[in-house]
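For reference, the structure discussed in these notes is given below.
The values are calculated or read from the model by the stated rules, or taken from the named source; none is laboratory data. This structure is a prediction, so every number in the text was calculated from the model and none was measured. Note that each Cβ is placed from the backbone with ideal geometry, even for glycine, and that neighbours are counted across all protein chains shown. Accessible surface is based on the protein model in full, side chains and every heavy atom, while ligands, DNA and RNA are left aside. Shrake-Rupley method; radii C 1.70, N 1.55, O 1.52, S 1.80 Å.
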Amino acid sequence: DEREFLHDLATPLGTAILLSDSLLEDLQNRPGTAPDDLLRVGGIFEALEKINKFLKVRRKTLVARWVPSARK
């Protein structure tokens, strides 16, 4: 079902967000980091956050419509 599918996407997405945020922070604190590297990793983080936002909105929509989940 769709709610289960969204749930299954959320876990690896959360991991990717956490890792990209951690990498971005490390790069920001590392002397000599190329600005392009910061932009690329920052872009990855922002894209993942945007996907996460879409996921959350869709989940709320399904819950509001009383769409049941197959999980028990």
**Item:** Leu9 paired with Asp21, simple spin-label distance in nm, labels 7 Å along Cα-to-beta-carbon
**Value:** 2.0 nm
**Item:** Heavy-atom accessible area per residue - the chain, 1.4 Å, Å²
**Value:** 78 Å²
**Relative compactness, the chain, computed as alpha-carbon Rg over 2.2 N^0.38 Å** = 1.45
**Request:** Quickly estimate the mean residue ellipticity at 222 nm for the chain, helices only: each DSSP H run with n ≥ 4 gives -39500 (n - 2.57), and the total goes over all residues, rounded to 500.
**Result:** -29000 deg cm²/dmol
**Asked** Which distance in nm do the two modelled labels at Asn52 and Arg65 give, with both placed 7 Å along the Cα-to-Cβ direction?
**Response** 2.5 nm
**Degrees separating the helix 2-29 axis from the principal Cα axis of the chain, which is the longest one** = 10 degrees
**Unit charges at the beta carbon, dipole of the chain: most positive-side option, Phe45, Asn29, Leu55** = Leu55
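Using a probe of 1.4 angstrom, how much of the accessible area of the chain is carbon and sulfur, in percent?
Answer for the chain is 61 percent, counting heavy atoms of protein chains only.
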**Prompt:** Which of the chymotrypsin sites (Phe, Trp or Tyr not before Pro) found in region 16-72 are in a DSSP loop and have at most 13 neighbouring Cβ atoms, other than their own, within 10 Å?
**Reply:** Trp66
